[in-house]
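Only one structure is covered here, and it is reproduced in the block below.
The values are calculated or read from the model by the stated rules, or taken from the named source; none is laboratory data. Keep in mind the model is a prediction, meaning the values are calculated, not measured. A quick note on method: Cβ atoms are made from the backbone with ideal geometry, for glycine too, and the neighbour counts reach across all protein chains shown. The accessibility values were calculated without ligands, DNA or RNA, using every heavy atom of the protein model including side chains. Shrake-Rupley method; radii C 1.70, N 1.55, O 1.52, S 1.80 Å.
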Amino acid sequence: MKSDILHNLDNPRQLEKLYREDASSFKKEFNQIYPGQQDKASLAFWNERLNYEAAKPSWGSKTELVIVIVFALLAGLIASIPNITGIDNEKFLFRNISFIVFPLLSAYFIWKQKLAFKQYLFPLLAFIIAAVYINLLPTNKESSSIMLAFIHLPIFLWTIFGYSFLGVNIKSSQSRIGFLRYNGDLVVISGILLLSTVLFSAITVNLFDLIGINIEIFYFQNIMIWGIAAIPIVATYLIQTNVQLINKVSPIIAKIFTPLVFINLFIYLSAMVYTKKYPYQDRNVLLLFNVLLMGVMALILFSIAEAGKATKNKFSLIVLFGLSALTLIVNAIALSAIVYRINEFGFSANRIAVLGGNLLIFINLVLVSYKLFLTSFKNGTIEEIEESIAGYLPVYAIWTGLITFLVPLLFQFK
């Protein structure tokens, strides 16, 4: 191998052939030859190709690590309030689970961006007012308007967190897209950390059980809850300090699942038409449709992030356009079902919330589908698709705020 490399130093095609025949031997012999041949530019390329070290995980600065540890402990402390005070755990978490996540994530990015007081005054007041409001709402499991407030509050607080994340770039479409991409990475990394935490906890509990010590209740109430509460802030820290390693994950997952979701949705719609079973009576189906719509929007965003790495990945864009078109059909069916239920049973807090949410998503999907069509078949750009998604975020913020704070008052907490 060594002599073959030496005889073909100026023959890149033959070098490539030798490398493909036995990559490990080629690398070993090349590393012995290269120190005496460093003046050759072609060999410098081969040296980088064979010996380039991928970026290693980073742990950031010591100050940042301390900040993250403090925030992680605060998250655990908030989650442990029921255990410390003795108040009802289910009642507390149902109202306050989003306060374990979003205020601390906001504080992290406010610190990281060194925002002035006037820039973080709004999110600070918003979190305080929301916390007081949601905990003062009466306990009434039969109240649809109150349940809607509980469900929409995390989405509203997420948009407030987005305001903190964007900082001085609040009007920038690219910054908003960056926020959405960060959320995709956060979901993926948090999922991995959660699975790891559950596996570690199961092993720990069972190890102690083998020697006759039952630590299950103590462990879950005093240790595991702190670990789970810390996951979002720890995941964010890993994302921020290892951007080059993590920001590729969500687009790849989206690229894999986009065609699968397209096929699945096509078969489902065909089966619906064949069986003639439409979601006009079952409101649980409508809820599932809403989850589907949000999931498709996320898939489109992260698939666009992957497609944008090429000048125009025509096939990926056409699949995305087809997926958005199918989702529009699903959304139209959902809207018709909601209108049918309103016509049959009248207005209610639930129906108003579902109708408004579906209309907003439908309009957003129309805009995204139109931009996807232009980009797939004409002269549109990836950036235009991203802007049609990013520019709509304030609309969702306003809508969830209205459902959270206004609807319970209008329906007198019923």
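Taking every residue in the range 1-28 that is under 17 Å from residue 49 (Cα atoms) and pairing it with any residue that is at pLDDT below 80 and part of a helix (DSSP H, G or I), at least 6 positions away or on another chain, the pairs with Cβ-Cβ distances below 6 Å are 27/50.
Of the helices (runs of 4 or more DSSP H) lying entirely inside the range 201-257, those containing at least 3 residues that are open to solvent by less than 70 Å² (accessible area, probe 1.4 Å) and either without any contact (Cβ under 8 Å) to a residue 12 or more places away in the chain or out of contact with any Gly (no Cβ under 7 Å at 6 or more places or on another chain) (or both) are 225-241. Quick check: anything in the range 347-370 modelled with pLDDT under 90, more than 24 Å from residue 163 (Cβ to Cβ), open to solvent by less than 50 Å² (accessible area, probe 1.4 Å) and not in a helix (DSSP H, G or I)? So far as the range 347-370 goes, yes, one or more of its residues are modelled with pLDDT under 90, more than 24 Å from residue 163 (Cβ to Cβ), open to solvent by less than 50 Å² (accessible area, probe 1.4 Å) and not in a helix (DSSP H, G or I).
Looking at the range 146-158, can you tell me whether even one residue there is in a loop (DSSP other than H, G, I, E, B), among the β-branched types (Val, Ile, Thr) and open to solvent by 70 Å² or more (accessible area, probe 1.4 Å)? Scanning the range 146-158 turns up no residue that is in a loop (DSSP other than H, G, I, E, B), among the β-branched types (Val, Ile, Thr) and open to solvent by 70 Å² or more (accessible area, probe 1.4 Å). Considering only residues in the range 148-173 that are modelled with pLDDT of 90 or more and over 21 Å from the mean Cα position of the chain (by Cα), the one that is nearest to residue 404 (Cα to Cα) turns out to be 149. Residues in the range 23-36 that are more than 14 Å from residue 3 (Cα to Cα) and not small (Gly, Ala, Ser): 35 only. Of all residues in the range 51-64, those that are open to solvent by 70 Å² or more (accessible area, probe 1.4 Å), part of a helix (DSSP H, G or I) and either aliphatic (A, V, I, L, M) or at pLDDT below 90 (or both) total 1. Just to be sure before I move on: is residue 302 surrounded by 15 or more Cβ atoms within 10 Å (Cβ to Cβ), modelled with pLDDT under 75, in a helix (DSSP H, G or I) and not basic (Lys, Arg) in the structure I sent? Against the criterion (surrounded by 15 or more Cβ atoms within 10 Å (Cβ to Cβ), modelled with pLDDT under 75, in a helix (DSSP H, G or I) and not basic (Lys, Arg)), residue 302 qualifies.
Only one entry in 64, 48 is in contact (Cβ under 8 Å) with a residue 60 or more places away in the chain and among the charged types (D, E, K, R), namely 64. Would you check if there is a residue in the range 173-193 being among the aliphatic types (A, V, I, L, M), over 30 Å from residue 384 (Cα atoms) and exposed (fewer than 13 other Cβ atoms within 10 Å of the Cβ)? No: zero hits. Here residue 382 meets the list (1) in contact with a helix residue (DSSP H, G or I) (Cβ under 8 Å, 6 or more places away or on another chain); (2) modelled with pLDDT of 80 or more; (3) closer than 26 Å to residue 185 by Cα; (4) β-branched (Val, Ile, Thr) almost entirely, failing just condition (2).
Among residues belonging to the range 375-414 that are open to solvent by less than 30 Å² (accessible area, probe 1.4 Å) and aliphatic (A, V, I, L, M), point out the one that is farthest from residue 157 (Cα to Cα). Result: 382.
Checking each residue in the range 386-409 for being within 23 Å of residue 331 (Cα to Cα) and in contact with a Ser or Thr (Cβ under 6 Å, 6 or more places away or on another chain) picks out 387, 390, 397.
Given the condition open to solvent by 10 Å² or more (accessible area, probe 1.4 Å), of a type outside the set (Ser, Thr, Tyr) and closer than 25 Å to residue 153 by Cα, answer yes or no: does some residue in the range 323-338 qualify? Yes - at least one qualifying residue is present in the range 323-338.
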